[in-house]
Every structure is written in C-alpha cells, then in structure tokens.
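The values are calculated or read from the model by the stated rules, or taken from the named source; none is laboratory data. Computed from a predicted structure; not experimentally measured. Note that we place each Cβ from the backbone using ideal geometry, even for glycine, and neighbour counts take in every protein chain shown. Surface areas here come from the heavy atoms of the whole protein model, side chains and all, with no ligands, DNA or RNA. Shrake-Rupley method; radii C 1.70, N 1.55, O 1.52, S 1.80 Å.
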Amino acid sequence: VSSFTDITAARDTTEALRDSEERTRAILDTAAEGILTTDEGGIVLDLNPAAGRILGADAVGRPLADLVVDAERWAVTEHFAGPPSGHPSTPAAIERTFQRDDGTTVPTELAISETPTRDGRLFTCVLHDISERKAFERELEHQATHDPLTGLPNRALVIAELDTALVRRARRARGVGV
C-alpha cells in the first residue's frame, strides 16, 4: 500500500514567495531613502542600509525616539502611543533631527505609517536626509540678511534685531541702546 501527494503547487508557491522576498529585499537594500520598521513600542525591528547610513549606528533593538534630538523626542513618541486605528494609515512627513552615536546630527524628513497585523501594530518609517536642503536654506537666509562684500548684517537684519530688542524691552521694562 502506498500513498502519493502531488506537492507541485505547494513547491511552486514556496518558490514564488522566496523569489518575491528576494526582490523585495533587493529593492529595500538599494533604495536611496532610509526605510525601517518598528513595533508598537517604537523599537526598531529592521532597517535598510540607507537608514543605517542616516542614523549612523546599528539602531536595531533601540527605541526610535532615543535616536531623535531631545527637543523633538516627544513628537516621535506620540506616533506609537496612540490607539490602534485598525487600518493602514497614510504617512504625513514631519521634519525631525536624528543624532548619531558620534554626536553629529542629521536633519530628516520622517514619514511614519501604521499597519495593523495579527500580532499587533507594525510601523514603517521612511527617512529622507535633508541636510543639503537645510544648508541651502541657511545660505539663502545669510545672503538675505548680510552684505555680500563685507559679510556684515544689512539693513533688514538690523531692523529685525531692533524690533526684537524693542519687544524684549517692553516685556522686561528695560532700556535699549543702539
């Protein structure tokens, strides 16, 4: 007596799943954007190489909020503290600054989306390094408020600083010298 079972369909499905996982991993590994996943507590579960370059350290196993500059930590923590929505969320990009282990900071645009799973909520975070844009903004601001030849403050900056000093003087009831 013998029994046979045709496992061709199961084997084909397993191979298709393996191929799909390999393609997905290749896409994530070559993506220019940092992509990471966290659990409900905000603990980093997995990240791609771009996220590793942005964060500058092995962040797996650490809370994402611990990697953010102190002043901005609360805004990241609140994403994980809310009640489950029960359906995938649409991410809204927010600017957050991450601090690497060596002390350097990286301004990023961070988008966090929630995906409900059988085991709880899973969060996918996309990081975009905006260091160049921030440097360009600082340069534009400097050009708008300083003389191009001497580098000294121009009329616009002096008037803005004087306005600030007058407001401060009114609050503290002190004088201002020019």
Working only within region 116-168, note down all residues that are closer than 20 Å to ALA93 by Cβ, touching a strand residue (DSSP E or B) at 6+ places or on another chain (Cβ under 9 Å), open to solvent by 50 Å² or more (accessible area, probe 1.4 Å) and of a type outside the set (Lys, Arg). LEU122, VAL126, HIS128, ASP129
Somewhere in region 127-138, is a residue touching an Asp or Glu at 6+ places or on another chain (Cβ under 8 Å) and among the β-branched types (Val, Ile, Thr)? yes
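Have a look at ALA31, ALA9, ALA16, ALA26 and point out the one that is among the small types (Gly, Ala, Ser) and either loosely packed, with under 10 Cβ neighbours inside 10 Å or closer than 17 Å to VAL76 by Cα (or both).
Exactly one of ALA31, ALA9, ALA16, ALA26 is among the small types (Gly, Ala, Ser) and either loosely packed, with under 10 Cβ neighbours inside 10 Å or closer than 17 Å to VAL76 by Cα (or both), namely ALA9.
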